[in-house]
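First comes the structure, then the notes that go with it.
The values are calculated or read from the model by the stated rules, or taken from the named source; none is laboratory data. Please read these numbers as outputs of a predicted model, since none were measured by experiment. Methodologically, a virtual Cβ is constructed for each residue, glycine included, from the backbone with ideal geometry; neighbour enumeration extends over all protein chains shown. Ligands, DNA and RNA are excluded from the accessible area calculation, which covers all protein heavy atoms including side chains. Shrake-Rupley method; radii C 1.70, N 1.55, O 1.52, S 1.80 Å.
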Amino acid sequence: LCRYLRWLGVRAKLFHLGDYRRKNTDLNKDNDLSFEKLAERYYFSPNPDDVDTKILKLKIKNELISDMMKFFEESNGQIAIYDAINGISKDRVNLYNYFKARNVRCLFIESIVDDEKLLENNIKDAINSPDYKSWNNQDAINHFQLRRKLSLESYETLDTKKTNLPFIQTYNFGKNILINQLKHDFLTTKIIYYLLNTKIKSHSIYFSRCSLNKLSFKADPPITESAKDYIYKVFNTLKSQFPENEISKSLSVWTSTRLRTMQSSQIFKDCGCVVKHRPELTQLNPGAAEGLTREEIKKKFPEEYEKHKADPYHHRYPRAESYHDLALKIEPLILELEKLSHDVLIIADETIIRIFYGYLMASNANEIPSIKFPQNEIIKITYHTYSNELEQLVVEGIDAE
C-alpha cells in the first residue's frame, strides 16, 4: 500500500512497529530482552502482566508516534502508515484522539483471515520477517504461532458497537470488505480499490525490451529478421527460469498493440501461453522533442528544458506525454497484476518498463525517467513479503544497446 501510494505521487511512509522493537530490543540483549525471550515474557500479548515489558512497549510505541509526527510536521508528509496489531479498542480510540487533536485524520485498516489455506500461506510469509533471519523454518513457524496465540487472547476486532471509528475491514484479502465512517475523497477511494485487488503473491514479473526501440513514435512496421532472432534469444533465456527448461503455459505475456510487439509474442503463443495486447503499453509520446538531442532541445525549447530538468517525471514537452501521464494510463494494469497469482512477461518499450519498475521496486518518482534497462537483459522482479527481489537475466548473443 505504501509503495502504491508513493507511486501515485503521495508523500507516504511506513512506520513498522516491529522495526522499532528490533532496534530497541537489540540494545537490551544483556537485560534478557532479546527476541528469543520476548514471547516468553509476553511481549506479544496486547496487555502483558510484566511491568518491565509494559514500560518497554510504551517506550517503543511513543518513539514511533513521535517519528510519525515529525514526518508530518518536518517533511510535509501526507500519509503515514502505522503498521502494528493495535488489538485493543481503547488503544485505538486513544490513538484516534491523539492524532485528531493534531489535525491528522485517522483511518484504521484491519485484515481478517479465516480461510485456513490463506492463513497457512500468510504464516509462511511471516517467517520471512527479519525476526527469523537465522531460524530453522519449523522453529520460526512454532514461535510465530505462539505470538499469534498471545495476540488473540486479548484481540478485539473493529466493531461499530464498541468504537465507531473510521475503518476499512477486509476479509481474506479482498474477498469481502466493510467500510465505516469514511469520507470518499480521492485517496481514500484509491486505498479501498487497492485493498480490494491486492493478494498474497510469490510469483515473478519479467520485463523484456521490444526490438526496434529507436523508431519514431508513429512508426509501426512489422518485425524484422534481426528482431525475430532477438525475441528467440529472449525466449531461450526465459526457459531456464522454469522447471525442465520449458516455458510454463501459465505464463501470461503482455505487449502493446504495436505490430512489432504483437508479432514478437507469437513464439510464446505457439507454446501455449496466454498473450494479451494492451494499448496502455504503448511507449511514451515524446511530442515535439522527438528525435532531438539534449543540446537541440535546450536550444529549441530553453524554458521547457529547464522545467524538465526540475521535474522530469511530471513535465511534458509540447504535444508530448509525461511519465506521470504514462503511470495514470498503466494504473489499471498495475491493479490487474496485483490480483494475479502466476508469472507475467511484459514486452515493452523502455519508457513503459520504467513505470512498472518504479512501482514494483518503490523508486523515487524523479528517478524513474533515468532508469536504464540494457537491451541484453530480462528484468525479473519477484514478489516478496518485505521488499520485492530484483534479478537481471543476461540474454546471450545480444549487445547491451
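Magnitude of the Cβ-charge dipole of the chain, K/R +1 and D/E -1, about the Cα centre, nearest 20 debye? Charge dipole of the chain: 980 debye, to the nearest 20. How charged is the neighbourhood of Arg319? Take every other residue with its Cβ under 14 Å from the Cβ of Arg319, and add Lys/Arg as +1 and Asp/Glu as -1. Here the charged neighbours net out to -1.
Straight-line cross-link reach from Lys175 at under 24 Å between alpha-carbon atoms covers these lysines, not counting any fewer than eight positions away in the same chain: Lys117, Lys124, Lys161, Lys183, Lys190, Lys199, Lys201, Lys339. In the range 219-350, the portion of solvent-accessible area held by carbon and sulfur atoms comes to 51 percent [1.4 Å probe, whole percent, DNA, RNA and ligands not counted]. Distance between Cα centroids, the range 159-238 to the range 290-320: provide it in whole Å. Between the Cα centres of the range 159-238 and the range 290-320 lies a distance of 30 Å. Dipole of the range 139-272 computed with +1 at Lys/Arg Cβ and -1 at Asp/Glu Cβ about the Cα centre; of Tyr193, Tyr155, Ser250, farthest Cα towards the positive end is Tyr193. Kirkwood hydrodynamic radius computed over the chain comes to 24.1 Å, based on all pairs of distinct alpha carbons. Taking every protein chain into account, the 1.4 Å probe leaves Phe301 with about 40 Å² of accessible area, to the nearest ten. Of all DSSP-defined beta bridges confined to the chain, some 40% are antiparallel rather than parallel. For Lys249, the aspartates and glutamates whose Cα comes closer than 15 Å to its Cα, not counting residues fewer than 8 places off in the same chain, are Asp270, Asp343. For the pair Ser151 and Asp91, label points projected 7 Å from Cα toward Cβ lie 1.1 nm apart. Stokes-Einstein diffusion for the range 260-329, with the hydrodynamic radius set to the Kirkwood value over Cα pairs and evaluated at 25 °C in a medium of 0.890 mPa s, equals 172 µm²/s. Principal-axis analysis of the Cα atoms of the chain puts helix 186-197 at an angle of about 90° to the longest axis.
Summing Cβ point charges (Lys, Arg +1; Asp, Glu -1) relative to the Cα centre of the range 348-399 gives a dipole of roughly 200 debye. Averaging Cα coordinates gives a centre for the range 119-150 and one for the range 42-66; these two points are 21 Å apart. Across the range 373-381, computed HN-Hα scalar couplings (Karplus, 6.51 cos²θ - 1.76 cosθ + 1.60, θ = phi - 60°) run 10, x, 4, 9, 10, 9, 8, 10, 10 Hz from first to last residue, x flagging Gly and Pro.
How do 250-263, 159-172 rank on mean C-beta neighbours within 10 Å, highest first? If you can, show how the numbers build up before the last one.
Working: 250-263: 19.8, 159-172: 15.1.
Highest-to-lowest ranking by the protection proxy: 250-263, 159-172.
All other residues whose Cβ lies under 9 angstrom from that of Ala12 are scored, Lys and Arg at +1 and Asp and Glu at -1, for a net of +4.
When nucleic acids and ligands are ignored and a 1.4 Å probe is applied, Tyr98 ends up with an accessible area of around 80 Å². Between 0 and 90 degrees, the angle of helix 350-360 with respect to the longest Cα principal axis of the chain falls at about 10 degrees.
Counting only protein heavy atoms, what percent of the accessible surface of the range 77-193 is carbon or sulfur at a 1.4 Å probe? Could you put the intermediate results ahead of the total?
Details: 3420 of 7000 Å².
Summing carbon and sulfur atoms, their accessible area is 49 percent of the total for the range 77-193.
Residue ranges 344-350, 121-127, 89-95 sort as 344-350, 121-127, 89-95 when ordered by packing (mean number of other C-beta atoms within 10 Å per residue, highest first). Per-residue extension of 0.36 nm, minus the Cα-Cα distance of Leu178 and Lys298, leaves a gain of 37.9 nm for this segment. Relative to the longest principal axis of the Cα atoms of the chain, the long axis of helix 89-100 lies at roughly 60 degrees. Computed with a 1.4 Å probe on the full set of protein chains, the accessible area for Leu107 sits at about 60 Å².
With every protein chain left in place, what is the accessible area per residue of the chain in square angstrom, probe 1.4 Å?
Details: 21160 Å² over 401 residues.
Spelled out: the 1.4 Å probe surface of the chain, per residue, equals 53 Å².
Taking the Cα centre of the range 242-401 as origin, sum charge times position over the Cβ atoms of Lys and Arg (+1) and Asp and Glu (-1), and report the length of that vector in debye to the nearest 20. If you can, show how the numbers build up before the last one.
Numbers: 19 positive and 26 negative charges, 107 e Å.
For this selection, approximately 520 debye.
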